[in-house]
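Enquirer: Quick one: this structure, given as C-alpha cells, is what I'll be asking you about.
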Amino acid sequence: MRITMIGSGYVGLVSGACFADFGHDVVCIDKDQRKIDALHAGKMPIYEPGLDELVARNVKAGRLSFGTDLREAVKDADAVFIGVGTPSRRGDGHADLTYVYAAAKEIGAALSGYTVIVTKSTVPVGTGDEVERIIREVNPSAEFGVVSNPEFLREGAAIDDFKRPDRIVIGSEDERATEVMRQVYRPLHINASPILVTGRRTAELIKYAGNAFLATKITFINEIADLCEKVGANVQDVARGIGLDGRIGSKFLHAGPGYGGSCFPKDTLALLKTSQDHDAPQRIVEAVVAVNDNRKRAMGRKIVAAMGGDVRGKTVAILGLTFKPNTDDMRDSPAIAVIQTLQDAGATVKAFDPEGVEQAKLVLDNVEYCEGPYEAIDGADALAILTEWDAFRALDMTRVKSLLTAPILVDLRNIYQPEQMRAAGFTYISIGR
C-alpha cells in the first residue's frame, strides 16, 4: 500500500520505517528541511536502538523516502498518517493540537480519490471529529475516512513494540476505512496481533487511559517504597509479591525517582483537562500527577540528606540523565528536578549519560558534562545513579570508591544490593530498601 506519514519525529519516523519494512511504500513528510536533509544523509533525529539500520535498509530497498512536499505525497496515498507532536499547551496542560489541525488542512486540500486519514499522534477525545470537520470544510467533495490509530511504543524498544504489538487499536466509524487499516496491518497477522476495532472517540481515550494507568502503577509503588523505608520492608520483594498476582502483573512496579518522558507527563495532564471539560473528575490521576511532581525534587533532597544535610560547596556525580535507558529523551526527566534541587542547595554537579548529554545541555545549565562515568565520579563527594543504563550496572566499585572523596552512593534505581555495597564500605542509599 502507499502510505504517507506526516511528521518525521519519534512516532512518525519509527512508524514509517516499520511500515516500509512490512513492504509498504512509505514517504515521511516534514516541514523541517534540515531534518529531511539529515535523514537523506542517514542521520537520525532521535536515538532509538536499531532505527538507523532499519531506515537505511528500507531506503536502499526503495520502500522509504523523505520529503517536504505534502501535496505530492498525499494525492496518491491510500492512507495518510498524522504523526506530528502534541505537546502540553502552556497554561492549562491540554494537548496542543496546532500541528494536527494544520496538517488536516493541508491534507484536505491535497486529497484526490478515497483516502484514509489516520491520527497516529496522541490526541484528546473528539480530535478525530474536528479533523474530519476541517477536511470537509477545506474540500467538501473529498472522499475520505478519518480513523484513530493510537501508538503504544516504548522509547528504547519502539521497533519491537511496533512489530510485535500487544494490540492494534483502530477507531473508525467507516467500514471502508476499517478495511484499509486491516490491509495496512495485514503483515502482522502472522504474529497473531489482536486488532481491536472501536468507535473513534473510544480509541482516542484508550491511549490516555492506558498511559494514566501505567503512570498510576509507577506512582503507587513509589509511595509503597516510602512506606517500606519507614517500616523496614523491601519494596522489591513487595513488588514481586504483588506482581505475581495475575490481576496486577509485574510490569511498571519498579520503584524509582518518578516517571518522565514524552508520554506520561503530558498525557496525564491532557486527560485531566479533558475530564474537567466534561465534568468527570479523575481524582486518582490528579493525585498521581501531584505525587510524581513532588517526588522528583524529594529525590534531590534524599541525596542532600545522604551527604549530611549540607551540600554547599560539594560536588555530586550524576550517572544517567534521560528519563529511561536506551533513549536520548530528556523530556520531564526526573534528573532535571533532581539536579536543580542539588544546585539550589549549593552543590556542583558533574554528569554523564551514554546518549542524553546533548539534549541535557538544552535544559540544564551549569552542569559539568563528562565523557564517561569515572570522569564524572572523579573528585566528587557523592555518586547518584538516576537512570539504569546497562553501562552503570557493573561499575568497578573499588575504582569508584577510590575516586570519590567520600564513599557515598545514592542508587535511585536499585541497581545494586545493599548488603554488598555496605560490605564494600559504601554509605549506600536506595529506594524502599
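Enquirer: Please report, in debye to the nearest 20, how large the charge dipole of region 2-197 is about its Cα centre when each Lys and Arg carries +1 at its beta carbon and each Asp and Glu carries -1 there.
Expert: The dipole magnitude comes to about 320 debye.
Enquirer: Going by amide H atoms built from the backbone, whose H comes under 5 Å of the H on Ala79, apart from near neighbours?
Expert: Excluding prolines and chain starts, which carry no amide H, the hits are Arg2, Thr4, Val116.
Enquirer: Normalising by the residue count of the chain, find the relative contact order in percent from Cα pairs under 8 Å and 6+ residues apart.
Expert: This gives 12 percent for the chain.
Enquirer: Follow-up. Once the Cα atoms of helix 51-60 and of the chain are each reduced to a long axis, what angle between those two axes, in degrees from 0 to 90 to the nearest 10, is obtained?
Expert: With both axes taken from Cα atoms, the answer is about 30 degrees.
Enquirer: So if I place +1 on the C-beta of Lys and Arg and -1 on the C-beta of Asp and Glu, and nothing else carries charge, what would the dipole magnitude of region 183-297 be about its Cα centre? I want it in debye, nearest 20.
Expert: Once rounded to the nearest 20, the dipole reads 340 debye.
Enquirer: Next up: Place a label point 7 angstrom from the Cα of Asp129 along the Cα-to-Cβ direction, then list the residues of region 75-99 whose backbone nitrogen is under 19 Å away.
Expert: 94-98
Enquirer: I would also like to ask the following. Once Lys and Arg get +1 and Asp and Glu get -1 on their Cβ, which of Ile6, Ser275, Val238 lies farthest toward the positive end of the dipole of the chain?
Expert: So the residue we want is Val238.
Enquirer: Could you state the angle between the C-alpha long axis of helix 10-22 and the longest principal axis of the C-alpha atoms of the chain, as a value from 0 to 90 degrees rounded to the nearest 10?
Expert: That works out to roughly 60 degrees.
Enquirer: Can you tell me the order of 109-118, 142-151 when each peptide is scored by its average per-residue count of other Cβ atoms within 10 angstrom, highest first?
Expert: So the order, starting with the most tightly packed, is 142-151, 109-118.
Enquirer: At 222 nm, what helix-only mean residue ellipticity would the chain give, in deg cm²/dmol to the nearest 500, using -39500 (n - 2.57) for each DSSP H run of four or more?
Expert: About -13500 deg cm²/dmol.
Enquirer: Determine the sum of side-chain charges near Gly93: Lys and Arg each +1, Asp and Glu each -1, restricted to other residues whose C-beta is under 14 angstrom from that of Gly93.
Expert: Working: positive: Arg89, Arg90, Lys266, Lys273; negative: Asp92, Asp96, Asp267, Asp277, Glu286, Asp293, Asp332.
Surrounding charge for Gly93 is -3.
Enquirer: If you place +1 on the Cβ of every Lys and Arg, -1 on the Cβ of every Asp and Glu, and leave all else neutral, what size is the dipole of the chain about its Cα centre, to the nearest 20 Debye?
Expert: Working: 51 positive and 59 negative charges, 125 e Å.
In total the dipole reaches around 600 debye.
Enquirer: Another question, then. Can you give me the Cα centroid spacing of region 129-204 and region 220-286 in angstrom?
Expert: 28
Enquirer: Throw me the Rg/Rh for the chain, computed over C-alpha atoms with Kirkwood Rh, two decimals.
Expert: My calculation of the ratio gives 1.01.
Enquirer: While we're on this one: Lys/Arg Cβ at +1, Asp/Glu Cβ at -1, dipole of region 2-197 taken about the Cα centre: which of Cys28, Pro150, Thr122 is farthest positive-ward?
Expert: Checked the options; the winner is Cys28.
Enquirer: Moving on to the next point. At R0 = 35 Å, how high is the FRET efficiency between Leu227 and Leu362 if r is their beta carbon distance? Nearest 0.05 is fine. Working shown, then result.
Expert: Values: r = 36 Å, r/R0 = 1.04.
Approximately 0.45, to the nearest 0.05.
Enquirer: Still on this model: Enter the angle in degrees (range 0 to 90, nearest 10) between the Cα long axis of helix 175-184 and the first principal axis of the Cα atoms of the chain, meaning the one along which they spread out most.
Expert: With both axes taken from Cα atoms, the answer is about 60 degrees.
Enquirer: Which whole number in µm²/s is D for region 356-433 by Stokes-Einstein, with the Kirkwood Rh taken over Cα pairs at 10 °C and 1.306 mPa s?
Expert: Rounded to a whole number, D works out at 119 µm²/s.
Enquirer: Label-point separation (nm) for Asp166 and Arg301, each offset 7 Å from Cα along Cα-to-Cβ?
Expert: 3.3
Enquirer: Related question: Could you give the nm distance between label points at Glu173 and Ile242, where each point is 7 Å from its Cα heading toward the beta carbon?
Expert: 4.0
Enquirer: Further question: Would you please state the base-10 log of I(q)/I(0) at q = 0.18, 0.19 1/Å for region 2-197, with intensities from the Debye formula using one equal scatterer on every alpha carbon?
Expert: Once normalised to I(0) and log-transformed, intensities are -1.31, -1.46.
Enquirer: Give the lysines whose C-alpha is closer than 22 Å to that of Lys75, dropping any in the same chain fewer than 8 places away, or say none.
Expert: Qualifying lysines at Cα under 22 Å: Lys31, Lys105, Lys120.
Enquirer: Along the positive direction of the dipole of region 236-429 (beta-carbon charges: Lys, Arg +1; Asp, Glu -1; about the Cα centre), which of Ser402, Gly256, Phe352 reaches farthest?
Expert: It is Gly256, whose Cα lies furthest towards the positive end.
Laboratory data are not the source of any read-out in this text; all were calculated from the coordinates shown. Small disclaimer: the values here were computed from a predicted structure and weren't measured. All Cβ positions, glycine included, derive from the backbone under ideal geometry; neighbour counts span all protein chains shown.
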